[in-house]
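**Student:** Take this structure, written in C-alpha cells, and hold onto it; I'll ask about it next.
The values are calculated or read from the model by the stated rules, or taken from the named source; none is laboratory data. What you see is a predicted model; the values in this text were computed from it and never measured. Glycine also receives a Cβ, built like all others from the backbone with ideal geometry; neighbour counts cover every protein chain displayed.
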C-alpha cells in the first residue's frame with residue numbers, strides 16, 4: 001500500500017498512528033472486493049503472550065483480525081439487496097465486516113469506544129477506497145441517539161457477562177422492527193451460550209457453523225442471526 005495515495009486527512013491519521021506502532025496492511029478478498037486493513041505489524045510482540053481465552057479483561061481484542069470477523073465479512077458481503085439499507089457494526093475493532101458491508105453497497109456505520117481504534121478503521125476505509133462509511137463512538141452503557149438500522153453486526157463482541165444487558169439494550173435501541181442482527185464468534189467463547197439464553201426472550205435465533213483451517217487446526221465459528229420475536 002502506497003501511503004501517498006491516501007487523502008491528506010487519512011495520511012495524517014496514518015502518520016499519527018505510525019508514531020506509536022509498527023504498521024502493516026493486510027488484504028482480505030471478500031465478495032469480489034479487496035479490503036485493505038491497517039493493523040499492528042507484530043501482533044505477537046504487542047500482545048506479549050496474552051491469551052484471549054484466559055483473561056478477557058486484559059486482552060486488546062481490537063488489534064487482531066479474528067477468524068470470526070473474516071467469516072462475518074463474507075456473510076455481510078453475501079446479503080441481498082444492500083441498496084438503501086443501513087448497517088451498524090458494533091465493537092468493530094479492525095472493522096472488516098463493516099468494510100465488507102460498505103464494499104457490497106450498504107450504508108455503514110462503524111462503531112467503537114476508543115479514538116485509536118477508530119483511527120485504524122478510518123485509514124482502512126480510505127485505503128480500501130470506501131466512502132459510504134460513518135464512524136461513531138458508541139458506549140454500550142450510554143448509547144447515543146442514532147437512527148435505527150436494518151442490520152446490526154458484531155464479531156467477537158461477547159466476552160464479559162456484565163455487558164450482556166447493555167448490549168441487549170443496544171440491540172433494542174438500534175434495530176429496526178423488521179431488521180436482523182448477525183453475530184460471529186469462536187465456538188470456544190464461553191459467554192456465547194449464556195448470552196443467547198438471555199437474548200432468546202426477545203429474539204428468534206438461528207445458528208450456523210463455519211469451520212476454518214488455520215495452521216493445521218480446525219477453528220469452528222458460530223454465526224447467529226437474531227430477529228425480533230413477533231408479538
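**Student:** Run residue 64 past the list (1) in contact (Cβ under 8 Å) with a residue 40 or more places away in the chain; (2) closer than 26 Å to residue 10 by Cβ; (3) surrounded by fewer than 22 Cβ atoms within 10 Å (Cβ to Cβ) and report the number of the one that doesn't hold.
**Tutor:** It fails just one condition, (1).
**Student:** When you go through 168, 175, 207, 194 one by one, which is the residue that is within 18 Å of the chain's Cα centre (by Cα), without any contact (Cβ under 8 Å) to a residue 60 or more places away in the chain and surrounded by fewer than 20 Cβ atoms within 10 Å (Cβ to Cβ)? Before the answer, list the steps.
**Tutor:** Details: 175 fails: surrounded by fewer than 20 Cβ atoms within 10 Å (Cβ to Cβ); 207 fails: within 18 Å of the chain's Cα centre (by Cα); 194 fails: within 18 Å of the chain's Cα centre (by Cα).
Of the residues listed, the single one that is within 18 Å of the chain's Cα centre (by Cα), without any contact (Cβ under 8 Å) to a residue 60 or more places away in the chain and surrounded by fewer than 20 Cβ atoms within 10 Å (Cβ to Cβ) is 168.
**Student:** Something else now. Among 212, 219, 157, 151, which is the only one that is closer than 21 Å to residue 111 by Cβ, touching a residue at least 40 places away in the same chain (Cβ under 8 Å) and assigned to a strand (DSSP E or B)? Lay out the reasoning, then the answer.
**Tutor:** Details: 212 fails: closer than 21 Å to residue 111 by Cβ; 219 fails: closer than 21 Å to residue 111 by Cβ; 157 fails: assigned to a strand (DSSP E or B).
None of the others qualify; the one that does is 151.
**Student:** Is it the case, given these coordinates, that residue 205 is within 19 Å of residue 77 (Cβ to Cβ) and either in contact with a strand residue (DSSP E or B) (Cβ under 7 Å, 6 or more places away or on another chain) or in a strand (DSSP E or B) (or both)?
**Tutor:** no
**Student:** Looking at 120, 106, 163, 135, which is the one that is closer than 19 Å to residue 199 by Cα and surrounded by 14 or more Cβ atoms within 10 Å (Cβ to Cβ)?
**Tutor:** None of the other options fit; the residue is 163.
**Student:** Mind telling me which of the residues 79, 35, 65 ends up being outside any helix (DSSP H, G or I), under 26 Å from residue 161 (Cα atoms), touching a strand residue (DSSP E or B) at 6+ places or on another chain (Cβ under 8 Å) and at pLDDT 90 or above?
**Tutor:** 65
**Student:** Here's something else I'd like to know. Looking at segment 160-182, can you tell me whether even one residue there is assigned to a loop (DSSP other than H, G, I, E, B) and either in contact with a helix residue (DSSP H, G or I) (Cβ under 8 Å, 6 or more places away or on another chain) or within 21 Å of residue 221 (Cβ to Cβ) (or both)? Steps first, answer last, please.
**Tutor:** Step one: filter segment 160-182 for residues assigned to a loop (DSSP other than H, G, I, E, B), giving 160.
Cutting the leftovers down to either in contact with a helix residue (DSSP H, G or I) (Cβ under 8 Å, 6 or more places away or on another chain) or within 21 Å of residue 221 (Cβ to Cβ) (or both) gives us 160.
For segment 160-182, residues assigned to a loop (DSSP other than H, G, I, E, B) and either in contact with a helix residue (DSSP H, G or I) (Cβ under 8 Å, 6 or more places away or on another chain) or within 21 Å of residue 221 (Cβ to Cβ) (or both): present.
**Student:** Collect the residues in segment 1-16 that are closer than 24 Å to residue 73 by Cβ and modelled with pLDDT of 95 or more, keeping them in residue-number order.
**Tutor:** Matches in segment 1-16: 10, 13, 14.
**Student:** Report yes if residue 231 is over 24 Å from residue 100 (Cα atoms), more than 16 Å from the chain's Cα centre (by Cα) and either in contact (Cβ under 8 Å) with a residue 24 or more places away in the chain or not in a helix (DSSP H, G or I) (or both), otherwise no. Quick ask: steps written out before the conclusion?
**Tutor:** Numbers: over 24 Å from residue 100 (Cα atoms): yes; more than 16 Å from the chain's Cα centre (by Cα): yes; either in contact (Cβ under 8 Å) with a residue 24 or more places away in the chain or not in a helix (DSSP H, G or I) (or both): yes.
The answer is yes for residue 231.
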